[in-house]
Amino acid sequence: MREFYLVWNESHGAPTVKHQSEGIDRGEAERLARNHPGENFHVLKLVDTCRKNDVVWASGDRKEDVPF
């Protein structure tokens, strides 16, 4: 997975935009901080990703299992 950055403010919910560089993300954090004096805007970087896969399709001809 390609790295990305997020701006997060604890008072305003989850981030909604991924930024492709730290510089763009820092600029967005500065813009938001200017518009919301006194609030903290955190620059977050993707560290890692995991996913649970629990549905697996078996390959092959399954026509004999179809009741119609």
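Overview of results
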| read-out | value |
| --- | --- |
| Extended-chain gain in nm, criterion 0.36 nm per residue less alpha-carbon gap, Lys18 and Glu39 | 5.5 nm |
| Protection-proxy order for peptides 30-36, 10-16, each taking the mean of Cβ atoms within 10 Å per residue, highest first | 30-36, 10-16 |
| Relative contact order (%) - the chain, alpha-carbon pairs under 8 angstrom, separation at least six | 35 |
| Between helix 22-35 and the chain: long-axis angle, C-alpha atoms, 0 to 90°, nearest 10 | 60 |
| Efficiency of FRET from Cβ geometry, Glu3 and Leu32, R₀ 30 Å, rounded to 0.05 | 0.90 |
| Extension gain, Lys52 back to Glu10 (0.36 nm per residue minus Cα-Cα distance, nm) | 12.4 nm |
| For Val17, Val43, Val55, Val7, order by how many other beta-carbon atoms lie within 10 Å, fewest first | Val55, Val17, Val43, Val7 |
| Viscosity 0.890 mPa s, 25 °C: Kirkwood-radius Stokes-Einstein D of the chain over Cα pairs, µm²/s | 159 |
| Top positive-direction residue, dipole computed over the chain with Cβ charges, set Thr16, Phe41, Gly27 | Gly27 |
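Every number here is computed from the coordinates shown, using simple stated rules; none is lab data. Computed from a predicted structure; not experimentally measured. When we count neighbours, we look across all protein chains shown, and the Cβ atoms used for this are built from the backbone with ideal geometry, even at glycine.
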